[in-house]
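The values are calculated or read from the model by the stated rules, or taken from the named source; none is laboratory data. Predicted model only: the values in this text are computed from it and were never measured. Ideal geometry is used to build each Cβ from the backbone, glycine not excepted, and the neighbour counts take in all protein chains shown.
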Amino acid sequence: MPSTFFGLTIAGSGLSSFQAAINTTANNISNVQTDGYTKQVANRVASEALRVHQKYGTTGSGVTTTSITQVRDFYYDVKYWENNANVGYYDKRLYYMKQIETYYIDDEKTYQKGFSTILDTMFKDLDSLKGNAGDVNKRNEFIGASNNLTSYFTGISEELQSLQSSCNDEIKTIVAKVNATASKIATLNKQINQLELNGGYANELRDQRALLIDDLAQIVPVTVNEVPIKDSKYPDRVTGANWYTVSINGQDIVDGYDYRTIECRARDYKVNQTDIDGLYDLYWSDTGNSFNTTNASMNGQLRALFEMRDGNNEENFSGVLTKVDGNKVTFDQKLSITDMAGMNMDTEGIITIGNKNFHYNGFSYKTTVDAEGNETITSFTFNLEDVDAAVNLDDYVGKKAEIGTSIDSLGIPYYMNQMTAFVRSFASKFNRLEQTGVDLNGNDMRTFFVANITKEERAFADDNFEMKAGNYTYTSESDTYYWLTAANFGVAKECVKDPTRFSTITKDKYNELKGKDPTGDITQGEDAYDLAEELLKLQSDVKMYRNCGASDFLKCLYNDVSVDKQEASTFNENFANISESITSQRLSISGVDEDEEALDLVKFQNAYNLSSQMVQVMTEMYDQLILQTGV
């Protein structure tokens, strides 16, 4: 039989339970604007019934608050994290693409003169030399405009290299953030389990952990797994603790209370000829294995940074090994680079043959010139160094080789290589025409455009400017246009100092005029500009870059930038909209709704008041029973 005061106990359980519910609601309302806070609820169940020696057998004993837990849907968390990686990727890519686009703007109205304006000015000044070949002032104007053209390319190259350095620095910063986040999650795992082993729920700590995962998912793709820890002696019994793991890019970085870190290591060698020194590659600190940033599952801000820093549009060197001669390896099949303009590898670096890395120090290549003067590279031979004695290079014949990684993205190396390809093509055609002429004093003209390397000029003096049909072999040390890049493009100092050195007349025309008037000052005559007319054709008539004339260079490159930026902008907007939709669905379950909480306040207040009235009723009954009965 229950106690006489059993009803008061039941009413008291109601007061206690709804007091907890109101406190939980108050906590929700207080955190309505707290970032990452998850709605909490006080879970109630009917208390265990008591068996009584009455006809009805058992009687209810009130209500019990079993727990205060979060209202969270893991499905929407996963969807949010997956989409967050896409948002992070396109947002970061758009940020850098906008900067690259500004480098190629050509708008005289805003006083930002670009390639087209500078090139037009240069050829207009060249055109003014027709009939004024002996005018030193006109020559100075043309040479000054030519210097502006070379300065344009070197200036853009400096900006792109500075941007590459910014990407590199940001990679290091983000990796440090990933490592710190992994450490915090491992610490929170331990704190959460310590609380929940005693039967509670670490709601606030779980919110902190979930917020860390939200941030981490924007940097790298994240996978989370949480499983209950069971008693080893009684497998059906759960301990109350959970084992929480976090994977990024398909590999565990947090495993319960333990975590791994990623380290940045500066490269010993450049991948691309125009790369800055000290670019980072990523490795797992515990194993030393490479952290793959180019696999299909990679996403997020880190992928965007690597693509912007290293993206080459799959135009890095690759080929199939066909011949081994000591430590020299030759590739003449499936070559990705078949012309001088596209050569982008450095003179020394790492070449990967059949998934094994080898150090090369210098290379040579064979090229074939057809009757029209077009070059085609037919083979490359690399000089390998420090080859392990246990390695048999013959075993690698038939295997694919690659310098760097083929990245299907238009990053900084791609734009640098595109500018270098144009500069090499334009300079070689311009110089070869110039080398057919003589200066104002009748002396043979040398190269006009040169490579300024470590404050010294490389003028391609050994270059066969006539480009006769045949087969040729060059090395990476030869004075070829391989040494000319957009970053070192310049005008020969002798022409800058002495404008009479620039040639506007061919040797044949000079000799013809000299034969007619051996005593005259023929180089200043109005007919002494046949070479200038040939040079003027380079502006648009001669195909040299992506089957276009020089004047179309900016259009091609700017189209690449604009299309890439527009794509990033479109996808960024789309994934941002998806993120808003998922966030809305997520908050509809786990977020604090002010109207719902206001309704809960009224509901729990009424329930609390009813329990209070029950106490009042029971008090009156006890008063009647104890004080009034029998009086």
> Taking the stated definitions as given, is residue 194 over 38 Å from the mean Cα position of the chain (by Cα) and at negative phi?
Replying inline: yes
> If we keep just the residues of the range 102-119 that are exposed (fewer than 15 other Cβ atoms within 10 Å of the Cβ) and in a helix (DSSP H, G or I), which is modelled with the lowest pLDDT?
Replying inline: 110
>> Consider the range 319-333. How many of its residues are in contact with a Lys or Arg (Cβ under 8 Å, 6 or more places away or on another chain) and at pLDDT below 95?
In response: 1
> Restricted to the range 594-617, and to residues that are of a type in the set (Val, Ile, Thr) and more than 18 Å from residue 24 (Cα to Cα), which residue is surrounded by the most Cβ atoms within 10 Å (Cβ to Cβ)?
Replying inline: 615
>> Suppose the filter is part of a helix (DSSP H, G or I) and among the acidic types (Asp, Glu); does residue 91 pass it?
In response: yes
> What are the residues in the range 73-101 that are surrounded by fewer than 17 Cβ atoms within 10 Å (Cβ to Cβ) and either more than 25 Å from residue 168 (Cα to Cα) or not polar (S, T, N, Q) (or both), if any?
Replying inline: 73, 74, 75, 78, 82, 95, 98, 101
> In this structure, does residue 608 turn out to be farther than 23 Å from residue 420 by Cα and in the same structural domain as residue 427 (by TED's automatic domain parsing)?
Replying inline: no
> Failed condition for residue 430, given (1) outside any loop (DSSP other than H, G, I, E, B); (2) closer than 23 Å to residue 364 by Cα; (3) of a type in the set (Phe, Trp, Tyr), with all others met?
Replying inline: (2)
> Of all residues in the range 339-368, which are closer than 19 Å to residue 485 by Cβ and either among the charged types (D, E, K, R) or without any contact (Cβ under 8 Å) to a residue 40 or more places away in the chain (or both)?
Replying inline: 339, 346, 348
>> Restricting to the range 334-362, count the residues that are over 26 Å from residue 418 (Cβ atoms) and either out of contact with any helix residue (DSSP H, G or I) (no Cβ under 9 Å at 6 or more places or on another chain) or of a type in the set (Gly, Ala, Ser) (or both).
In response: 5
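Only strands (runs of 3 or more DSSP E) wholly contained in the range 221-299 count here; list those with 2 or more residues that are modelled with pLDDT under 95 and loosely packed, with under 14 Cβ neighbours inside 10 Å.
Working: elements: 222-230, 238-248, 251-255, 262-266, 280-284.
Hits in the range 221-299: 222-230.
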> Considering the range 16-55 alone, what residues qualify as being part of a loop (DSSP other than H, G, I, E, B), over 15 Å from residue 70 (Cα atoms) and polar (S, T, N, Q)?
Replying inline: 33, 47, 54
> Tell me, which strands (runs of 3 or more DSSP E) wholly within the range 453-527 include 1 or more residues that are at pLDDT 85 or above?
Replying inline: 470-475, 489-491
> Among (1) under 27 Å from residue 611 (Cα atoms); (2) surrounded by 15 or more Cβ atoms within 10 Å (Cβ to Cβ); (3) among the charged types (D, E, K, R), where does residue 51 come up short?
Replying inline: (2)
